[in-house]
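*Asks:* Have a look at this one before I ask anything.
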């Protein structure tokens with residue numbers, strides 16, 4: 001009886017240890033947790049505005065299919081949405097999504113209250129003014145680099161960065177006309193470079209070069 005009890009207890013203990021080493025069914029695996037963190041870090045919250053005045057919210061990747069025929073985002077329910085670029089007016093990178101299903105947030109979830117600069121921008125970049133294909137005007141600051149002539153759209157900093165929208169991506173096919181208003185920061189940089197050179201000359205004045213020694217000339221008498 002004692003040996004049978006010991007064997008039964010030992011078998012139960014081994015069964016318990018074997019199942020204890022396995023992950024619980026409700027616990028997330030480390031691989032799945034890493035994938036979730038990677039998805040959250042790569043995708044950013046966006047609001048897509050269509051020319052039909054409808055909009056949808058979700059998460060977009062770094063490129064979100066700019067070079068493809070469709071915009072691809074992950075909606076709030078985890079489903080992949082594909083929208084033809086001909087329907088997209090702009091894509092706004094936002095701080096948060098509308099909290100309620102009613103009110104002004106539903107009509108203007110981007111909270112783009114100022115679409116034109118009231119004063120001259122202070123941030124360096126190209127001050128652009130564009131007219132979209134539906135006739136609406138939009139201003140923003142773009143980087144002064146090759147992205148102006150390359151790629152499927154323009155990434156702008158809106159006039160009011162304190163709003164819900166932090167950046168606006170406008171597809172090129174949604175732009176009817178484009179105007180460069182001004183180059184911000186170039187003159188200030190030139191003045192700073194001139195002042196820096198003048199200050200450097202004051203700190204390290206250049207010594208005048210010594211006059212060349214006279215060269216003796218021999219005059220032969222006839």
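The values are calculated or read from the model by the stated rules, or taken from the named source; none is laboratory data. In this text, all values refer to a predicted model and were calculated from it rather than measured experimentally. With ideal geometry, Cβ positions are generated from the backbone for all residues, glycine too; neighbour counts draw on all protein chains shown.
*Asks:* Return a yes/no flag: does the range 140-152 have any residue that is surrounded by 12 or more Cβ atoms within 10 Å (Cβ to Cβ), touching a residue at least 40 places away in the same chain (Cβ under 8 Å), within 23 Å of the chain's Cα centre (by Cα) and closer than 14 Å to residue 175 by Cβ.
*Replies:* Scanning the range 140-152, I find at least one residue that is surrounded by 12 or more Cβ atoms within 10 Å (Cβ to Cβ), touching a residue at least 40 places away in the same chain (Cβ under 8 Å), within 23 Å of the chain's Cα centre (by Cα) and closer than 14 Å to residue 175 by Cβ, so the answer is yes.
*Asks:* Scan the range 156-181 residue by residue and report those that are part of a strand (DSSP E or B) and crowded, with 16+ Cβ neighbours inside 10 Å.
*Replies:* Within the range 156-181, 156, 157, 165, 167, 168, 169, 170, 171, 175 meet the criteria.
*Asks:* Could you check, for the range 117-125, whether at least one of its residues is assigned to a strand (DSSP E or B), surrounded by 14 or more Cβ atoms within 10 Å (Cβ to Cβ) and either at pLDDT 90 or above or in contact with a strand residue (DSSP E or B) (Cβ under 9 Å, 6 or more places away or on another chain) (or both)?
*Replies:* Checking the range 117-125: at least one residue is assigned to a strand (DSSP E or B), surrounded by 14 or more Cβ atoms within 10 Å (Cβ to Cβ) and either at pLDDT 90 or above or in contact with a strand residue (DSSP E or B) (Cβ under 9 Å, 6 or more places away or on another chain) (or both).
*Asks:* Here's a follow-up. Please name all residue pairs, on different chains or six or more residues apart, with Cβ atoms under 7 Å, provided the first residue is in the range 37-60 and is over 20 Å from residue 107 (Cα atoms) and the second residue is modelled with pLDDT under 80.
*Replies:* Pairs found: 42/62.
*Asks:* State which residue is modelled with the lowest pLDDT when the search covers only the range 87-110 and only residues that are surrounded by 13 or more Cβ atoms within 10 Å (Cβ to Cβ) and either more than 16 Å from residue 136 (Cβ to Cβ) or out of contact with any strand residue (DSSP E or B) (no Cβ under 8 Å at 6 or more places or on another chain) (or both).
*Replies:* Top of the filtered list is 105.
*Asks:* Does residue 173 meet the test of being within 20 Å of residue 92 (Cβ to Cβ) and modelled with pLDDT under 90?
*Replies:* No; evaluated as a whole, the condition is false for this residue.
*Asks:* Please verify whether residue 131 is touching a strand residue (DSSP E or B) at 6+ places or on another chain (Cβ under 7 Å), assigned to a loop (DSSP other than H, G, I, E, B) and either surrounded by fewer than 17 Cβ atoms within 10 Å (Cβ to Cβ) or touching a residue at least 60 places away in the same chain (Cβ under 8 Å) (or both), treating the condition exactly as stated.
*Replies:* no
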